[in-house]
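Every number here is computed from the coordinates shown, using simple stated rules; none is lab data. Because the structure is predicted, anything quoted here is derived from the model rather than measured. FYI the Cβ positions are ideal-geometry reconstructions off the backbone, even for glycines, and counts take in every protein chain you see.
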Amino acid sequence: MIRKFFESIGRYILFLKQVFRKPEKWKIFWRQFINESDKLILSSILLVGVISVFIGGVLVIQTASNLENPIIDKMYIGYMVRESLILEFCSTMVALILAGKMGSNIASEIGSMRITEQIDAMDMMGVNSAGFLVLPKIVASTLLSPLLMLLSLALGLVGGWIVVEATQIIPSASYITGIKAFYNGFYIFYSCFKMSLFCFMISSIAAFNGYYARGGSLGVGRSSTQAIVTVSILILLMDLVVTQLMLY
Amino acid sequence: MIKVENLYKSFDGVEVLKGINVEYEPGKCNMIIGASGSGKTVLLKNLIGLMTPDSGEISYGDRRLSEMHEDEKRHLRQKIGILFQGSALFDFATVIENVMFPMEFFTDWSAAQRRERAQYCLEKVNVIGSDNKYPNELSGGMQKRVGIARAIALNPEYLFCDEPNSGLDPYTSILIDRLISDLTKEFNMTTVVNTHDMNSILEIGDKIGFISKGELKWQGDRHTILQTDCRELRDFVCANTLARNIIEGK
């Protein structure tokens, strides 16, 4: 089992080496990049948006219910919601959601191409199949995912504000003051960095699993599941490592 | 010309190819025949470089595959057209985009030139009016034809076909066989067809190599196959009623 683990890591590194070879034609690469940006990032906006609005609202209610002490200024509720969103929800939680959506999409797409010999056909033409199929996915998801994080943050704050307005749980002015208080720009960078890293992991690991899928449609399903499980665990692990390195 | 010398390949200690020696000539339909599990697909995959032999040599012209650098191999691959068993058309591309795909990568032709060449190839295989359809909208026979059109798009020197008529009705099978044979002669390609279909063998087999249990047991052509003394080949051939009747003179 340990040997298999190290074999997989070795194969993953060799796979990345193949992926990051210079594209045969930049024109084709950019066209694929646009397609993948649309397929992976733009198509995730609705899902991320809806979840962020609801989570923002829930965070307001939960934080308010835990801060009933009259000595503590109500603006801290807005402040804590913002920090929770920036530090953890908008990067880690959204990445876990994307691991399911993007990860299964990538692994099953590439896996079915593998079992129907489409990847063999590309290789036999002399096309770097890993570069053509995977590089645009990795670049699109890594570069553009911080935009999803920022969108999630904005919509999470809006969700919180909607709940504040609808329930009057705290004064709206306090919430607005709170979300503007003690702003630390580094946290935004930290969260964007985490999101990029996680999306790199999602796209590359899911593609790796799909690329080496074996055993017909069952194999594709297996590779897709394995990709999501592996990526989810690694996201949590890397979250811990990155947080320790960057915040402490 | 493709030359195979003393080729061995095994998986987990089981020898699948045992010392294959054979030459494939240009302008001919060279056929690899044998029962399922005999090792013919493994031989084909070794020929096209999807597998690496344990020992032995494969030469394209006067260059050995094992001595080629990666760049040289990539260059060679551009001279190879392949028709896969399941056609392997790209799901994300339309018929015409599938045929233009290799041109996009390996030529500097304009979009109009690529389209013109793709349409020429599609006309050659008699696929007309389906340019903008996706592979899943085509019948099995049509997919094979588009696969052939894509395989010949860059005017290859070598054409490999892995069971070109599997899953096709007898009439479409013969059309595909004739198409492969005609294109082979027209473009003087070295064509290697992997099949176990007796109709194909008798229709287009200019040179035939029979593989059984990983060994090349017999070589000949479609005119001599029915007179063979090789018992295993006779058993294989006689599994087909038509061939058995011919052999037995009925």
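Taking each pair of distinct Cα atoms in segment B:35-104 once, what is the resulting Kirkwood hydrodynamic radius in Å?
Details: mean 1/r = 0.0701 Å⁻¹.
Averaging 1/r across every pair of different Cα atoms and inverting gives 14.3 Å.
What is the Cα coordinate range of the protein assembly as shown on the first, second and third principal axes, sorted by size from largest, in whole angstrom?
Largest first, the protein assembly as shown extends 107, 52, 42 Å along its Cα principal axes.
Quick one: putting +1 on the C-beta of Lys and Arg, -1 on the C-beta of Asp and Glu, what dipole do you get for the protein assembly as shown around its Cα centre, in Debye to the nearest 20?
On the way: 49 positive and 50 negative charges, 76 e Å.
Value, rounded to 20: 360 debye.
Can you give the Kirkwood hydrodynamic radius for chain B, in Å, rounded to one decimal and based on Cα pairs?
With all distinct Cα pairs of chain B included, I get 18.8 Å.
Which value results when the Cα radius of gyration for segment B:100-249 is divided by 2.2 N^0.38 Å? Display every interim value, and only then the final one.
Working: Rg = 17.9 Å, N = 150, 2.2 N^0.38 = 14.8 Å.
For segment B:100-249, the normalised Cα radius of gyration is 1.21.
With equal scatterers on the alpha carbons only and no solvent term, can you work out the Debye log10 of I(q)/I(0) for segment A:140-205 at 0.15, 0.21 1/Å?
-0.60, -0.86
Taking the Cβ-Cβ separation of A:ASN35 and A:ASN69 as r and a Förster radius of 45 Å, what is the calculated FRET efficiency to the nearest 0.05?
Values: r = 53 Å, r/R0 = 1.18.
With a Förster radius of 45 Å, E is 0.25.
So how strong a dipole does chain B carry about its Cα centre when Lys and Arg Cβ are +1 and Asp and Glu Cβ are -1, to the nearest 20 debye? Don't skip to the end; give the middle numbers.
Values: 30 positive and 36 negative charges, 60 e Å.
My answer is approximately 280 debye.
For B:LEU216, B:LEU43, what ranking results if the residue with the fewest other Cβ atoms within 10 Å of its Cβ goes first? Before the final figure, lay out each step's value.
Numbers: B:LEU216 21, B:LEU43 27.
The order, fewest Cβ neighbours first, is B:LEU216, B:LEU43.
Enumerate lysine pairs in segment A:1-119 that are 8 or more residues apart or on different chains, then count those whose Cα atoms are under 27 Å apart.
Eligible lysine pairs with Cα atoms under 27 Å apart amount to 9.
List the aspartates and glutamates whose alpha-carbon lies under 12 Å from that of B:LYS207, not counting same-chain residues fewer than 8 positions away?
Excluding near neighbours in sequence, the set is B:GLU23, B:GLU25, B:ASP221.
Cross-link partners among aspartates and glutamates for A:LYS194, C-alpha distance below 12 Å, same-chain residues fewer than 8 apart left out?
Within reach: A:GLU88, A:ASP239.
Which of A:GLN18, A:LEU236, B:VAL193 sits farthest toward the positive end of the charge dipole of the protein assembly as shown, with +1 on the Cβ of Lys and Arg and -1 on the Cβ of Asp and Glu?
Of the listed residues, the answer is A:LEU236.
To the nearest 500 deg cm²/dmol, what mean residue ellipticity at 222 nm is calculated for chain B from DSSP H runs of n ≥ 4 alone, each contributing -39,500 (n - 2.57), summed and divided by the residues?
Details: 9 runs with 94 residues, N = 250.
Computed mean residue ellipticity for chain B: -11000 deg cm²/dmol.
Dipole of segment B:61-139 (Lys/Arg Cβ +1, Asp/Glu Cβ -1, origin at the Cα centre): which of B:PRO102, B:CYS121, B:GLY61 lies farthest to the positive side?
In segment B:61-139, that residue is B:GLY61.
Just to be sure I understand the model, the point goes 7 Å from the Cα along the line to the Cβ. What's the resulting B:TRP109 to A:LYS17 distance in nm?
Placing both labels 7 Å beyond Cα along the Cβ direction yields 3.6 nm.
Determine Rg/Rh for segment A:174-248; Rg is computed over alpha-carbon atoms and Rh is the Kirkwood hydrodynamic estimate from the same atoms. Don't skip to the answer; put the middle values down first.
Working: Rg = 17.7 Å, Rh = 14.6 Å.
Ratio of gyration radius to Kirkwood radius for segment A:174-248: 1.21.
Within 10 Å of each Cβ in B:147-153, how many Cβ atoms from other chains are there, averaged over the peptide? Don't jump to the answer; show the numbers that get you there.
Working: counts 1, 0, 0, 2, 3, 0, 1.
Partner Cβ neighbours, averaged per residue: 1.
Need the list of lysines near B:LYS144 for cross-linking: C-alpha distance under 18 angstrom, and skip anything on the same chain fewer than eight residues off.
B:LYS124, B:LYS133
Please express the shape of segment B:1-121 as an equivalent ellipsoid: the semi-axes are the square roots of 5 times the eigenvalues of the C-alpha gyration tensor, given largest first in whole angstrom.
Working: eigenvalues 193, 59, 38 Å².
In descending order the semi-axes read 31, 17, 14 Å.
Would you work out which of A:SER129, A:ILE86, B:SER173 lies farthest towards the positive end of the dipole of the protein assembly as shown? Charges go on Cβ: Lys and Arg +1, Asp and Glu -1.
The listed residue farthest towards the positive side: A:ILE86.
Starting from segment A:1-46, pick out the trypsin sites (Lys or Arg not before Pro) whose DSSP state is loop and whose Cβ has at most 16 other Cβ atoms within 10 Å. Could you put the intermediate results ahead of the total?
Numbers: sites: A:ARG3, A:LYS4, A:ARG11, A:LYS17, A:ARG21, A:LYS25, A:LYS27, A:ARG31, A:LYS39; in loops: A:ARG21, A:LYS25.
Here the sparse-neighbourhood loop sites are A:ARG21, A:LYS25.
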